[in-house]
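Encoded as structure tokens, here's the structure I'll be asking about.
The values are calculated or read from the model by the stated rules, or taken from the named source; none is laboratory data. This is a predicted model, so every value here is computed, not measured. Please note: Cβ atoms are built from the backbone with ideal geometry, for glycine as well, and neighbour counts cover all protein chains shown.
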Amino acid sequence: MTPSPVLTPMLAPVLAIDGLVKRFGKRTILDGISMNVVPGEIVCLVGPSGTGKSTLLRCVNGLEDIQDGRIMFDGLMVRAPARDIIEVRKRIGMIFQQFNLYPHLTALQNVLLAPVVVHREDRRVVEARARELLDRVRLSHRIDAYPAQLSGGEQQRVAIARALATNPHMLMFDEPTSALDPETVGEVLAVMRDLAHEGRTMLVVTHEMRFAAEVGTRMVFMDQGKIVEEGNPRAMLAAPRTERAQRFLQTIQQ
Ligand SMILES: Nc1ncnc2c1ncn2[C@@H]1O[C@H](COP(=O)(O)OP(=O)(O)OP(=O)(O)O)[C@@H](O)[C@H]1O
Ligand SMILES: [Mg+2]
């Protein structure tokens, strides 16, 4: 008797990138990138400067036009009529290196802005959620502060609360701790760890290898617009298979 096959549940990817090509003028920046992200994955994207990591995130968010390939998010085509792009952006929370908070708005107002103004949700409902989110990023005591009155780490945590305010299906971080003082890096990573443990789906460009090893479910190493190697972050950090990944990981772990 043949044994019955083991049925492993296959989650449909929330993000599916297939053969993505991005050029700026004659320069090819992304050269046939294919990758999927399934719900609950924490994908850490690493690679040398100028390799196209930020450009990849911008393409996923529909901020760049693409020359070839396909990006699907939640079953929506990213290169699509404007209506779909707005829907995609609502479902992706984006956190940048430079916080990008509105300086004339308080922490609470920064978190409220997109749901209330862009997505026209009921202000009272959103405000209750915004207070909860600021509490979640450990800032309930600073909700009325303006960005200039907050430390870098606090501003970044407001930015994370803001990204969560539209109930996104995936969070994308672009070097969220690179602009921070060493003392405040830890508080932002702690919040990111909480989010990971909640089961959030995350695509994170980072050089924080300890974070990648602890919470990353997959590491993707890019070089010159291509994915060179990917795998379990702990395995990859311990023994990268390719020479290029080995060289890169050695430099940043020094
Ligand atoms: N708007 C643009 N116009 C022309 N070239 C661009 C533009 N944006 C990015 N590039 C180029 O694309 C390449 C990839 O840039 P990108 O910012 O995606 O790299 P990165 O991997 O995020 O680097 P870093 O680690 O330094 O942030 C770089 O050579 C950059 O100069
Ligand atoms: Mg970048």
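Would you say residue 172 is surrounded by 15 or more Cβ atoms within 10 Å (Cβ to Cβ), within 28 Å of residue 125 (Cβ to Cβ) and in contact (Cβ under 8 Å) with a residue 24 or more places away in the chain?
Values: surrounded by 15 or more Cβ atoms within 10 Å (Cβ to Cβ): yes; within 28 Å of residue 125 (Cβ to Cβ): yes; in contact (Cβ under 8 Å) with a residue 24 or more places away in the chain: yes.
Spelling it out, residue 172 is indeed surrounded by 15 or more Cβ atoms within 10 Å (Cβ to Cβ), within 28 Å of residue 125 (Cβ to Cβ) and in contact (Cβ under 8 Å) with a residue 24 or more places away in the chain.
Is at least one residue of region 157-168 of a type outside the set (Val, Ile, Thr), under 12 Å from the mean Cα position of the chain (by Cα) and either surrounded by fewer than 19 Cβ atoms within 10 Å (Cβ to Cβ) or not in a helix (DSSP H, G or I) (or both)?
Scanning region 157-168 turns up at least one residue that is of a type outside the set (Val, Ile, Thr), under 12 Å from the mean Cα position of the chain (by Cα) and either surrounded by fewer than 19 Cβ atoms within 10 Å (Cβ to Cβ) or not in a helix (DSSP H, G or I) (or both).
On to the next question. Give me the pairs, please: first residue somewhere in region 30-51 and touching a residue at least 12 places away in the same chain (Cβ under 8 Å), second residue anywhere and within 16 Å of ligand 1 (Cβ to nearest atom) and basic (Lys, Arg), beta-carbon distance under 8 Å, and either six or more positions apart or on two chains.
Pairs that qualify, where the first residue is touching a residue at least 12 places away in the same chain (Cβ under 8 Å) and the partner is within 16 Å of ligand 1 (Cβ to nearest atom) and basic (Lys, Arg), are 30/22; 31/226; 32/226; 33/226; 45/53; 46/53; 47/53.
Ok, one more. Being exposed (fewer than 13 other Cβ atoms within 10 Å of the Cβ) and in contact (Cβ under 8 Å) with a residue 24 or more places away in the chain is the filter here, so list the residues in region 87-117 that pass it.
Taking region 87-117 as the starting set, the residues that turn out to be exposed (fewer than 13 other Cβ atoms within 10 Å of the Cβ) are 102-104, 117.
Matches in region 87-117: 102, 103, 104.
Looking only at region 182-213, filter to residues that are over 20 Å from residue 14 (Cα atoms) and touching a Gly at 6+ places or on another chain (Cβ under 6 Å); which one of those is nearest to ligand 2 (Cβ to nearest atom)?
Step by step, filter region 182-213, then rank; the result is 188.
Okay, moving on. When you go through (1) among the β-branched types (Val, Ile, Thr); (2) within 16 Å of ligand 1 (Cβ to nearest atom); (3) modelled with pLDDT under 95 one by one for residue 204, which number turns out not to apply?
(3)
Additional query: Quick check on my filter: what residues within region 46-58 are more than 10 Å from ligand 2 (Cβ to nearest atom) and within 22 Å of residue 217 (Cβ to Cβ)? Before the answer, list the steps.
Of region 46-58, the ones more than 10 Å from ligand 2 (Cβ to nearest atom) are 46, 48.
The one that is more than 10 Å from ligand 2 (Cβ to nearest atom) and within 22 Å of residue 217 (Cβ to Cβ): 46.
So, one more: Output the residues belonging to region 177-234 that are in a strand (DSSP E or B) and within 14 Å of the chain's Cα centre (by Cα).
Within region 177-234, 202, 203, 204, 205, 218, 219, 220 meet the criteria.
Restricting attention to region 198-228, report how many residues are surrounded by fewer than 20 Cβ atoms within 10 Å (Cβ to Cβ), of a type outside the set (A, V, I, L, M) and more than 16 Å from residue 17 (Cβ to Cβ).
Of the residues in that region, 9 qualify.
Of all residues in region 35-69, count the ones that are of a type in the set (S, T, N, Q) and under 15 Å from residue 91 (Cα atoms).
1
Turning to a different aspect of this structure: Restricting to region 237-251, what's the tally of residues that are part of a helix (DSSP H, G or I) and either at positive phi or hydroxyl-bearing (Ser, Thr, Tyr) (or both)?
Initial filter on region 237-251 (part of a helix (DSSP H, G or I)): 237-238, 243-251.
Keeping just the survivors that are either at positive phi or hydroxyl-bearing (Ser, Thr, Tyr) (or both) gives 251.
Qualifying residue count for the region: 1.
Next up: Of the residues 52, 75, 32, 69, which single one is crowded, with 22+ Cβ neighbours inside 10 Å and over 20 Å from residue 196 (Cβ atoms)?
Every option except 52 fails the conditions.
Spot the failing condition for residue 223; the list is (1) in contact with a helix residue (DSSP H, G or I) (Cβ under 7 Å, 6 or more places away or on another chain); (2) at pLDDT 95 or above; (3) more than 16 Å from ligand 1 (Cβ to nearest atom), and only one is missed.
Looking at each condition in turn, residue 223 falls short on (3).
To continue, here is another question. Could you please find all residues in region 128-153 being part of a helix (DSSP H, G or I), crowded, with 17+ Cβ neighbours inside 10 Å and of a type outside the set (Lys, Arg)?
Listed by number, the residues that qualify are 130, 133, 134, 147, 152, 153.
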